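Have a look at the structure below before the remarks.
The values are calculated or read from the model by the stated rules, or taken from the named source; none is laboratory data. Because the structure is a prediction, the values reported are computed rather than measured. Note that we place each Cβ from the backbone using ideal geometry, even for glycine, and neighbour counts take in every protein chain shown. In case anyone asks, the SASA skips ligands and DNA or RNA and just uses the protein heavy atoms, side chains included. Shrake-Rupley method; radii C 1.70, N 1.55, O 1.52, S 1.80 Å.
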Amino acid sequence: FYIYVVGYAFASLLAFGAIAILEMQTGKNDMTLDDLNGLAAQNRFVAWALGIGVLSFMGMPPLAGFFGKFFLFKYLA
């Protein structure tokens, strides 16, 4: 259970931290998907952080979200 919580806390910090950095840089408080267009060309670090966070939420295998779900299903199911 703790691996799941820590994994999703890490993913949340990455994804929402990246959005917060983008909001501070652009000065916009309401980000849309169109605002993320071309993000990798503008700020590569923020694009990577947002991508890793979202992929971890999805549960992609090498990331923390996958291992959290795996151990949760393995030991609690």
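Overview of values
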item	result
Positions within the range 17-38 being within 14 Å of the chain's Cα centre (by Cα) and without any contact (Cβ under 8 Å) to a residue 12 or more places away in the chain, in sequence order	20
Cβ pairs under 7 Å, 6+ apart, first in the range 39-60 and over 12 Å from residue 21 (Cβ atoms), second open to solvent by less than 20 Å² (accessible area, probe 1.4 Å) and not hydrophobic (A, V, I, L, M, F, W, C)	56/7; 56/65; 57/65; 58/65; 59/65
From 64, 47, residue being open to solvent by less than 60 Å² (accessible area, probe 1.4 Å) and either modelled with pLDDT of 85 or more or among the charged types (D, E, K, R) (or both)	47
Flag for residue 71 being part of a helix (DSSP H, G or I) and surrounded by 14 or more Cβ atoms within 10 Å (Cβ to Cβ)	yes
Residue match in the range 23-31 (condition: among the β-branched types (Val, Ile, Thr), open to solvent by 70 Å² or more (accessible area, probe 1.4 Å) and assigned to a helix (DSSP H, G or I))	yes
